[in-house]
Amino acid sequence: MATKRILTGIRPTGPLHLGHYVGALEQWVQLQDEYECFFLIADVQALTTHIDRPEVIEESVKEVVLDWIAVGLDPTKPNVHFVLQSSVPELTELTTYFTMLAPFSEMEGNPTIKEEKENLKSPPTAGFMIYPVSQAADILLFTPYPPEKEDKLLVPVGKDQIPHLEGTNRIARRFNRQYGGVFVECTPKVGQVGRLVGTDGQAKMSKSLGNAISLKDDADLVRRQVMKMFTDKTKLRKGDPGHPDECPVYLYRQAFGDVALLVERAAKCRSGELGCVQCKKDLAEALNAFLEPIRTRRREAENMPLDRYLKEGTEKAREVGQITMKAVRSAMHLDYPMIFGV
Ligand code: TRP
């Protein structure tokens, strides 16, 4: 039987928001019945931006587990594993070997690295520049081994992660060419809405940009955030013709809402009949209807054995990882017989 695995991850740097949901979580939930899933809390990668705020990372590990369960990931399923990156030493080892297979110029040319570099508060560290290599290790440690033709390693992510997955597959190919076939190439999977704009209309929803609606925000906060949202800049009052395709509120409605009603709404916006204030009120209501069951489930999750889920998932990850590392060391001639007795 073919092995079908998912490896994907998130940095624990705060509570998760709607952008995470449409970019990633929504698909993860849909795929968890079909695949063996490893969902990684990338606390080491979080250090690339939070080296001075370790307590934020520590706190966020729990927040992420709560948010994951809240949206419907189920760590009580035997095929669903929550993994804490810093507790998997095999990842550190594989990262070290992979650094030798990835030209540094590829890091400098990586568009996501370039964009994130702009938002750093200090000059980029070596660890920041090579995090795509450690991300390749995150993914490829979970390669089905020995690889069979039909095996699959699926990585459902937001669109901004695609350059990292391309880099991952370059490393996999280089490794396989040099040392023999150990790795299955990963398959990227981007959701329908690859990325949600922020409430301010900026390209990316992000807590640090202050334009995010968190999954755990209460109804009142969601309402206030939505009422502050920007709309089509040329539509100043009700009656003015609007341009829904240039309006963040409309984008949100496409992502979360009554798709059947959209065509009619867009027409009423264009004609001026529908004003932005009403439109935002409706959006707030739609978002709250969407978020309410998530909030309820989050409260339930607070009484669940979160530490145990993480421990068991991480142990399973190490079990799989040790199989991969044995193959890697052997392929790279790093399994010296006088030490390993092979
Ligand atoms: N870079 C991802 C983010 O910023 C997090 C991540 C770490 C990841 N390791 C991964 C995503 C492996 C997919 C696969 O959210």
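None of the figures in this text is laboratory data; all of them are computed from the coordinates on show. Please read all numbers here as calculations on a predicted model, not as lab measurements. Backbone-built Cβ (ideal geometry, glycine too); neighbour counts: all protein chains shown.
Report the longest stretch of the chain that contains none of the GluC sites (Glu not before Pro) sitting in a DSSP loop with at most 16 other Cβ atoms within 10 Å.
With GluC sites (Glu not before Pro) excluded where exposed in loops, the chain gives 151-272 as its longest stretch.
Quick one: Asp43, Asp200, fewest Cβ neighbours within 10 Å first, how do they rank?
Lowest count first: Asp200, Asp43.
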When a footprinting reagent is the concern and you count Cβ atoms within 10 Å, what order do Tyr97, Tyr21 take, fewest first? Tyr97, Tyr21
Region 161-171 - phi-based ³J(HN,Hα) in whole Hz, Karplus 6.51/-1.76/1.60, Gly and Pro as x: 8, 4, x, 5, 6, 5, x, 4, 6, 5, 5
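Go ahead and estimate [θ] at 222 nm for the chain from helices alone: -39,500 (n - 2.57) per DSSP H run with n ≥ 4, summed, over the residue count, rounded to 500.
-16000 deg cm²/dmol
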Over the alpha-carbon set of region 219-322, work out the extent along each principal axis and list the three values in angstrom, largest first. 62, 30, 24
Restricting to DSSP loop positions (anything but H, G, I, E, B) with no more than 16 other Cβ atoms inside 10 Å of their own Cβ, which chymotrypsin sites (Phe, Trp or Tyr not before Pro) remain in region 241-342? none
Among Cys37, Cys186, rank each residue by its count of other Cβ atoms within 10 Å, from fewest to most, as a rough exposure measure. Cys186, Cys37
Report the percentage of all Cα-Cα pairs in region 146-235 whose separation exceeds 16 Å, rounded to a whole percent. 68 percent
Students often get this wrong, so check it: of Lys4/Lys114; Lys4/Lys77; Lys62/Lys326; Lys204/Lys238, which have C-alpha atoms separated by over 23 Å? Lys4/Lys114; Lys62/Lys326; Lys204/Lys238
Neighbourhood charge, 10 Å Cβ-Cβ cut-off, centred on Asp258 and excluding it, Lys, Arg +1 and Asp, Glu -1: 0
When the chain is modelled as a GNM with alpha-carbon springs shorter than 10 Å, which of Gly181, Gly272, Gly167 fluctuates the most? Gly272
Put one equal scatterer on each alpha carbon of the chain, apply the Debye formula with no solvent term, and list log10 I(q)/I(0) at q = 0.07, 0.13 1/Å to two decimals. -0.33, -1.02
